[in-house]
Amino acid sequence: MRCPYCAGEDTQVKDSRPTEDNTAIRRRRVCNTCAGRFTTFERVQLRELFVVKRSGRRVPFDREKLARSVETAVRKRPVEPERIERMISGIVRQLESSGESDVTAETIGNHVMEGLKGIDDVAYVRFASVYKNFREAKDFEALLDELSVPHDSRPDDL
């Protein structure tokens, strides 16, 4: 594993343990060149995924990019990091087990919105405003109206 500080290739694992939800192995490493310490995570990958962007461009799926966008939405909200990690792991598992190597950005965005809706309404609105490219206040109003309708009485097309 290359050191993120000095790019040295001589690193050593000092500690390994499973994450709380047992979906990854957390490894503490030390660089033998600069003595820098850093953490890596090892996860199961069922298949290599590619994201098909709205432009048609196809790029490798990046779990960390997904995590960053979710973390931006939940920033300064009272949401436990473990809950977010479970949501992200669940989304990745769904995508990998779908049987498809190509996944649309829209599919990923919909999974994230569904997950955030069950975790934190403010994070859901933040993510939706960027994902759906809100331009006006009425865009927010429509989304907030949807949130205020009890789930059982929503039409099936929502």
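The values are calculated or read from the model by the stated rules, or taken from the named source; none is laboratory data. None of the values given here were measured: they were computed from a predicted structure. Heads up, the Cβs are rebuilt from the backbone with ideal geometry, glycines too, and the neighbour counts pull from every protein chain shown.
Among the residues making up the range 32-51, those that are assigned to a loop (DSSP other than H, G, I, E, B) and modelled with pLDDT of 85 or more are Asn32, Thr33, Cys34, Ala35, Gly36, Leu49. For the range 57-73, taking the residues that are surrounded by 14 or more Cβ atoms within 10 Å (Cβ to Cβ) and either among the basic types (Lys, Arg) or in contact with a Pro (Cβ under 9 Å, 6 or more places away or on another chain) (or both), the one that is modelled with the lowest pLDDT is identified as Arg63. Any residue at all in the range 111-131 that is under 15 Å from Pro60 (Cα atoms) and in the same structural domain as Lys53 (by TED's automatic domain parsing)? No: zero hits. All told, Ile88 falls short of being among the β-branched types (Val, Ile, Thr) and in contact (Cβ under 8 Å) with a residue 40 or more places away in the chain. Being over 14 Å from the mean Cα position of the chain (by Cα), assigned by TED's automatic domain parsing to the domain that holds Tyr131 and in a strand (DSSP E or B) is a property that Val59 has. For the range 108-135, the candidate set comprises residues that are modelled with pLDDT under 85 and polar (S, T, N, Q); within that set, the residue that is farthest from Gly90 (Cα to Cα) is Asn133. Is it the case, given these coordinates, that Arg2 is of a type outside the set (Asp, Glu) and in contact with a Lys or Arg (Cβ under 9 Å, 6 or more places away or on another chain)? Against the criterion (of a type outside the set (Asp, Glu) and in contact with a Lys or Arg (Cβ under 9 Å, 6 or more places away or on another chain)), Arg2 does not qualify. Answer yes if at least one residue in the range 4-23 is within 29 Å of Glu96 (Cα to Cα), outside the structural domain of Val112 (by TED's automatic domain parsing) and in contact with a Ser or Thr (Cβ under 8 Å, 6 or more places away or on another chain), and no otherwise. Within the range 4-23, one or more residues are within 29 Å of Glu96 (Cα to Cα), outside the structural domain of Val112 (by TED's automatic domain parsing) and in contact with a Ser or Thr (Cβ under 8 Å, 6 or more places away or on another chain). Counting the residues of the range 101-128 that are in a loop (DSSP other than H, G, I, E, B) and either in contact (Cβ under 8 Å) with a residue 40 or more places away in the chain or crowded, with 17+ Cβ neighbours inside 10 Å (or both) gives 3. State yes or no: is Arg54 part of a loop (DSSP other than H, G, I, E, B) and surrounded by 11 or more Cβ atoms within 10 Å (Cβ to Cβ)? It is false that Arg54 is part of a loop (DSSP other than H, G, I, E, B) and surrounded by 11 or more Cβ atoms within 10 Å (Cβ to Cβ).
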